[in-house]
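I have placed the structure first, in the form of structure tokens, so that the comments after it can refer back to it.
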Amino acid sequence: MPKRGSRRKKTKTHVVPNQYEIKKVPKSFVVKHGRVGTGVANLVKDMRTVMLPHTALRLREKRTTRIKDFLKVARPLSVSHMVMFSQSEKGNSHVNIGCLPQGPTLNFKIERFSSAAAVRILQRAPVNTSTIFHSPPLVILNNFDTSSPHYKLVSTTFQNMFPTINVATVKLSSCKRVVLYNYDKETDQISFRHYAITARPAGLTRSVRRLVQAKIPNLGGATDVAEFLLGNAGMGPASDSEYEDESVRVTLTGRYTGRGNMKGNQSAIKLAELGPRMELKLVKVMKELFKGEVMYHAFVSKTEEEVDALRQTAELKRQRRMVQEANVKRKREAEADKAKEKAEKRQRRREQYEREKRDIETNGAGIAEGIED
């Protein structure tokens, strides 16, 4: 930054983001509803990390907080999805995914889950996650039956929860995470996994790779640098695990995170699991946001007559609610008119009192002058 006199002159400015593009990016609320256990509470925190950077990481909630309270805040913040975790008294855990502002809502039963801490504690060398959450993850859907209407809706919802990827303009360095949804037809369950993408130079032994990655080697047991490069400096012969499979090698089209991952070079791509893990089973699909007509239920099936009866009942309830709202509105308007009429009456009395007071004062002054005369 050049100087102008004793002060520095700013020559570069930050790019102002397009507000329309910001509103198009899917945003989410991940909350817990009601009383939940420690495991589900940790799962909520892990899912907020998965949904970064377009989610509220430090969203505060209380047991008394209602869904309406979240929805009031969601609209001005352009939140598009709400992920709500709950737990029954029997210990069954559920997750509801609602598409704002009008639905639909997907209800899943969590068959099994593991927190991110439980997944990473079993890893020998966990991945450094300090910079990988600055960009959204890539979404992979596997084995979803798009011919089924409800599972087509599920796959579309999962895709729309994350920003879309433009292959022509996306930067390779921003692709650091993967979210995988895998559907198993035999068990009728959806597996959720979260991975970090790692890359390292391919076709190199461990010793040469350490030199490429600018790591200082230990040459204490070698008389020549050739012994280190050939694997005879106390490291033993190269093992099979040091050589990558040809199928995981890719030619980088741009600079990627990590030393040696340069444009045009070949690198070995691997996935490191970050957690959490979930096994989900679709229970029902509701037409509206956390309520409304049930379009699909995994355990309850109804005939057309029963569905028509439920629709008629819902229509009667809707009409009754409209009548009640109209009555409440009419009563409030009547009360407002009555209060206004009372206020006007008080104002007229006050004005009349002021006129009479002025008349008395004027007449009293005239009488006093006549007496003096």
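The values are calculated or read from the model by the stated rules, or taken from the named source; none is laboratory data. Just so it is clear, the model here is predicted, and its values are computed rather than measured. Ideal geometry is used to build each Cβ from the backbone, glycine not excepted, and the neighbour counts take in all protein chains shown. Side chains are part of the model used for accessible areas, which takes the heavy atoms of the whole protein and leaves out ligands, DNA and RNA. Shrake-Rupley method; radii C 1.70, N 1.55, O 1.52, S 1.80 Å.
Structure notes:
- Among the residues of the range 156-183, those that are of a type outside the set (Val, Ile, Thr), open to solvent by less than 60 Å² (accessible area, probe 1.4 Å) and within 20 Å of ARG48 (Cα to Cα) comprise PHE158, MET161, PHE162, PRO163, SER174, CYS175, LYS176, ARG177, LEU180, TYR181.
- Filtered residues of the range 72-124 (kept if of a type in the set (A, V, I, L, M, F, W, C) and either open to solvent by 30 Å² or more (accessible area, probe 1.4 Å) or part of a loop (DSSP other than H, G, I, E, B) (or both)): VAL73, LEU77, VAL79, LEU100, PHE113, ALA117, ALA118, ILE121, LEU122
- Condition check for TYR20 on (1) modelled with pLDDT of 90 or more; (2) over 23 Å from ILE132 (Cβ atoms); (3) in a helix (DSSP H, G or I): one failure, at (1).
- Members of the range 348-361 that are open to solvent by 100 Å² or more (accessible area, probe 1.4 Å) and not basic (Lys, Arg): TYR353, ILE360, GLU361
- Residues in the range 117-133 include at least one that is under 19 Å from PRO53 (Cα atoms) and either touching a Pro at 6+ places or on another chain (Cβ under 8 Å) or of a type in the set (Gly, Ala, Ser) (or both).
- Residue match in the range 125-136 (condition: open to solvent by less than 50 Å² (accessible area, probe 1.4 Å) and more than 21 Å from the chain's Cα centre (by Cα)): yes
- Summed over the range 54-71, residues that are more than 23 Å from PRO136 (Cβ to Cβ) and part of a helix (DSSP H, G or I) total 4.
- Condition check for ARG66: closer than 25 Å to ARG177 by Cα and free of Cβ contacts under 8 Å to residues at least 40 places away in the same chain: no
- Helices (runs of 4 or more DSSP H) contained entirely in the range 149-242, each with at least 3 residues that are touching a Gly at 6+ places or on another chain (Cβ under 8 Å) and either modelled with pLDDT under 80 or not polar (S, T, N, Q) (or both): 206-212
- Residue in the range 40-53 that is assigned to a loop (DSSP other than H, G, I, E, B), at pLDDT 90 or above and more than 24 Å from LEU153 (Cα to Cα) present: yes
- When residues of the range 138-147 are limited to those that are in contact with a helix residue (DSSP H, G or I) (Cβ under 7 Å, 6 or more places away or on another chain) and outside any strand (DSSP E or B), the one surrounded by the most Cβ atoms within 10 Å (Cβ to Cβ): PHE144
- Residue match in the range 62-71 (condition: touching a His at 6+ places or on another chain (Cβ under 8 Å), among the β-branched types (Val, Ile, Thr) and open to solvent by 40 Å² or more (accessible area, probe 1.4 Å)): yes
- Taking first residues from the range 133-151 that are within 15 Å of PHE162 (Cβ to Cβ) and partners that are of a type in the set (D, E, K, R) and in a loop (DSSP other than H, G, I, E, B), the Cβ contacts under 7 Å between residues at least 6 apart in sequence or on separate chains come to SER135/LYS176.
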